[in-house]
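The values are calculated or read from the model by the stated rules, or taken from the named source; none is laboratory data. Not measured: the values here are computed from a predicted model. Positions of Cβ are generated from backbone atoms using ideal geometry, with glycine treated the same way; all protein chains shown enter the neighbour counts. The accessibility values were calculated without ligands, DNA or RNA, using every heavy atom of the protein model including side chains. Shrake-Rupley method; radii C 1.70, N 1.55, O 1.52, S 1.80 Å.
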Amino acid sequence: MKNNRLPRHIAYGIALGVLVGWLCHHFAADAKSAKEIATYFSMVTDIFLRMIKMIIAPLVFATLVGGIASMGSSRSVGRIGTRAMAWFISASVVSLFIGMLLVNVFQPGAGLDLHVSQAGATPLAVNTGDFSLKVFISHVFPRSIAEAMANNEILQIVVFSLFFGFALAAVKKAGFTQITKGVDELAKVMFKITDYVMAFAPIGVFAAIASAITTEGLGLLLDYSKLIAEFYLGIAILWAVLFGAGYLFLGRSVFTLGKLIKEPILLAFSTASSESAYPKTMEALEKFGAPKRVSSFVLPLGYSFNLDGSMMYQAFAIMFIAQAYNVELSFTQQLLILLTLMVTSKGMAGVARASVVVVAATLPMFNLPEAGILLILGIDQFLDMARTATNVVGNSIATAVVAKSEPAEEADEAAPVVQASTAPSASSVAV
């Protein structure tokens, strides 16, 4: 019952944050004062996100190592990884295509009539110089697991956990099970810590919303209402496509999954942080019945390679900037942009302000003014909320589908996917 109240409290936090933020913005003496007030709200949000980040690394490590050790064979890992990547790539193509289609139909940037000469200097310090395939590939492999955990480098933690999990499975066959039990117990402890941290979620959500509204005000939403409305329409269509694809594989149980992930979606939307939703997403998938060995592998992988909402955002942002500066892009050029985003976005893991960095790195490739990034930075917080929530939806459905495709005889202690929603799982008791 306590957990069931959390989504309602988060919703209250969002509403109160909008109200308080508007009041602070309205009565602030000037823009400088508003920003100063917002820093106090941001401090609360930062504390909450820091608490979230402190549990991500050990939680990913414990759940992934435990999952790999329970699989027992590298063939299972290869099969699951192949299916997951096939889904990720397909979802990325669909997300980009929907974004490109809608932005061409609605033309949100048309009418701004900006000139390329207005973008003479690069006004934003976005570090794109190290954003390359070579750097990304070398960055995947950790120099130190302590450094990877300290920086919350999810992909590096996944790589180390794969090695550790396979080694643990090997010694487990020789009768050495103490570490395996210890890892499982560590996962239970981390889920309990997650419960403690999530008790502060409504406060963190309130502060995040209040900070954004205090700084920008509701007027910004009105000025960019067309772009925001069209982007959210695209997000709604993408959700429909994702749930439709999930229905093909999961049947009506996909709607049960939707109810279970309501809480992590709200967290992701209100904080604009995928990390804040990770523990609760993992818990929801286990309640749904996805085998822990599958969810603990696919979900962290999806956090690096399956960012459906971010993909749509990038398509919207680049085309919006092109339209604002009256740059005509042919179908071939748009297709090339789509393919470029398909590649560059896969290097987003571990990059600060990843979606903005990808857009900033892609603009000069097609002779689009880099100053155009300023057009969307003001409302990026509100777009980020939607794309982050969509990332959670996409990864949840992807994990559930991959779990359903796994042979029943290899399932772990979790219940079958379709039936799990009718009975509480062991993990729901533990957390």
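Once the dipole of segment 192-329 is set up with Lys and Arg at +1 and Asp and Glu at -1 on Cβ about the Cα centre, which of PHE206, ALA284, LEU267 lies farthest towards its positive end?
The listed residue farthest towards the positive side: ALA284.
In segment 1-110, carbon and sulfur make up what percent of the accessible area (probe 1.4 Å)?
Carbon and sulfur together cover 67 percent of it.
Could you give me the ³J(HN,Hα) list for segment 53-59, computed from phi with Karplus coefficients 6.51, -1.76, 1.60 and θ = phi - 60°, whole Hz, x at Gly and Pro?
Listing the rounded values in order: 5, 5, 9, 5, 4, x, 5 Hz.
Using θ = phi - 60° and the Karplus form 6.51 cos²θ - 1.76 cosθ + 1.60, what ³J(HN,Hα) does each residue of segment 202-217 get, whole Hz, x for Gly and Pro?
For segment 202-217, the Karplus-derived couplings read x, 5, x, 5, 4, 5, 5, 5, 4, 4, 5, 6, 4, 6, 9, x Hz, x marking Gly and Pro.
Using unit Cβ charges (K, R positive; D, E negative) and no other charged atoms, how large, in debye to the nearest 20, is the dipole of segment 174-307 about its Cα centre?
Using only the charged Cβ atoms, the result is roughly 500 debye.
How compact and how long is segment 185-330, expressed as Rg and Dmax of its alpha-carbon atoms in Å?
Expressed in Å, the Cα Rg and Dmax of segment 185-330 come to 18.2, 59.
With all protein chains present, how much of the accessible area of segment 240-310 (probe radius 1.4 Å) comes from carbon and sulfur, to the nearest whole percent?
66 percent
Beta carbons within 10 angstrom, averaged per residue: use that to sort the peptides 96-108, 383-395, 8-20, highest first.
In descending order of packing, they fall as 383-395, 96-108, 8-20.
Could you report segment 172-273's accessible area per residue, 1.4 Å probe, as an integer in Å²?
On the way: 4810 Å² over 102 residues.
Ligands and nucleic acids excluded, the result is 47 Å² per residue.
Determine, for each peptide in 229-241, 280-292, the mean count of other beta carbons within 10 angstrom over its residues, then list the peptides with the highest first.
280-292, 229-241
Output the pairs from LYS226/LYS259; LYS181/LYS259; LYS181/LYS262; LYS35/LYS259; LYS192/LYS287 with a Cα-Cα distance over 27 Å in this structure; if there are none, say none.
In this structure, LYS226/LYS259; LYS181/LYS259; LYS181/LYS262; LYS35/LYS259 lie more than 27 Å apart at Cα.
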